[in-house]
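K.L.:
This structure is in structure tokens; I'll ask about it shortly.
Taken together, the values in this text are just the output of simple stated rules run on the coordinates, not laboratory data. Only a predicted model underlies this, so the values are computations on that prediction, with no experimental measurement involved. Cβ placement follows ideal geometry from the backbone for every residue including glycine, while neighbour counts extend to all protein chains displayed.
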Amino acid sequence: MKRTQGFTLIELMIVIAIIGVLTTVAVPMYQDYTVRSKVAASMSAINSIKFVVAEKFVHDGKYPEAGNANYGLPTKEDYADNHIASIALEAAGVIKVTYKKIGQHFGASDSVSFTPNIKGSMLRWECMISSTDIQPYFPNNCKTEVANIETPEETETADID
């Protein structure tokens with residue numbers, strides 16, 4: 001009696017089913033990961049602008065009027081890249097970042113605003129996100145929605161003395 005070697009049809013179908021299940025779990029997780037990494041990359045540009053705003057406040061004792069030029073920065077459209085549509089400086093030092101569509105839930109007009117808040121001798125940045133759909137893509141210290149202004153969470157801290 002001669003035995004053949006190899007896989008049976010059932011064994012091959014089980015392997016294909018396992019690959020299918022892994023794929024249905026892995027692909028959405030990877031897509032979320034790529035959107036999170038794009039948001040994290042945009043935060044470095046935002047952090048450099050936070051520094052300029054804080055420095056301007058320390059130097060002048062107040063925030064200039066709204067407009068990037070009043071802070072000595074390029075126009076809001078000059079910050080556009082693959083992920084950011086614009087970065088605008090508004091009244092009272094507020095930095096508003098408008099994103100491009102970078103994910104399934106991340107729309108073309110979604111934005112986040114960083115508001116400087118001075119408590120004692122510390123400058124704290126309050127983060128307000130325009131939509132609950134994009135909150136999971138931001139760091140844990142930036143999870144406040146615009147509709148929930150009463151209890152904004154604080155993000156970065158810098159000593160202004």
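K.L.:
Under a 10 Å cutoff between Cα atoms, tell me which one of 26, 91, 69 has the largest fluctuation in the Gaussian network model of the chain.
P.N.:
Comparing 26, 91, 69 in a Gaussian network model of the chain, the most mobile one is 26.
K.L.:
Related question: Residue 3 to residue 32: FRET efficiency via 1/(1 + (r/R0)^6), r the Cβ-Cβ distance, R0 41 Å, to the nearest 0.05? Could you put the intermediate results ahead of the total?
P.N.:
Working: r = 48 Å, r/R0 = 1.17.
It comes to 0.30.
K.L.:
Next question, about the same structure. Once you've got the GNM for the chain with C-alpha springs shorter than 10 Å, pick whichever of 84, 19, 46 has the biggest mean-square fluctuation.
P.N.:
Taking springs between Cα atoms under 10 Å, the residue moving most is 19.
K.L.:
Measure nothing but the geometry: give the 0 to 90° angle between the long axis through the Cα atoms of 9-60 and the longest principal axis through the Cα atoms of the chain, rounded to 10°.
P.N.:
The two axes meet at around 10 degrees.
K.L.:
I need the phi-derived Karplus couplings for region 93-101: 6.51 cos²θ - 1.76 cosθ + 1.60, θ = phi - 60°, integer Hz, Gly and Pro marked x.
P.N.:
x, 6, 9, 10, 10, 9, 9, 8, 6
K.L.:
So for the pair residue 23, residue 141, with labels modelled 7 Å out along Cα→Cβ, what separation do we get in nm?
P.N.:
Result: 4.1 nm between the two label points.
K.L.:
Report the full-extension gain for the segment residue 40 to residue 122: residue separation times 0.36 nm, less the Cα-Cα distance, to one decimal in nm.
P.N.:
Numbers: separation 82, 0.36 × 82 = 29.52 nm, distance 2.42 nm.
Net length gain for the segment: 27.1 nm.
K.L.:
For the chain, just run the numbers: alpha carbon Rg, then divide by 2.2 N^0.38 Å, N being how many residues it has. Don't skip to the end; give the middle numbers.
P.N.:
On the way: Rg = 23.2 Å, N = 161, 2.2 N^0.38 = 15.2 Å.
This ratio for the chain stands at 1.53.
K.L.:
Projecting each Cα onto the charge dipole of the chain (Lys/Arg +1, Asp/Glu -1 at the beta carbon, about the Cα centre), which of 16, 83, 43 comes out farthest on the positive side?
P.N.:
Ranked along the dipole, the leading option is 16.
K.L.:
Ok, one more. Counting alpha carbon pairs within less than 8 Å and at least 6 residues apart, what relative contact order, in whole percent, applies to region 1-119?
P.N.:
Once normalised by length, the contact order is 16 percent.
K.L.:
Evaluate the distance, in nm, between pseudo-label points positioned 7 Å from the Cα of residue 10 and of residue 78 along their respective Cα→Cβ axes.
P.N.:
7.0 nm
K.L.:
Under 1.5 on a/c is rounded, so check that first for region 10-83, then, if it is not, pick prolate when a/b is larger than b/c and oblate when it is not; a ≥ b ≥ c are the square roots of the alpha carbon gyration tensor eigenvalues.
P.N.:
Details: a/c = 7.49, a/b = 4.33, b/c = 1.73.
Verdict is prolate for region 10-83.
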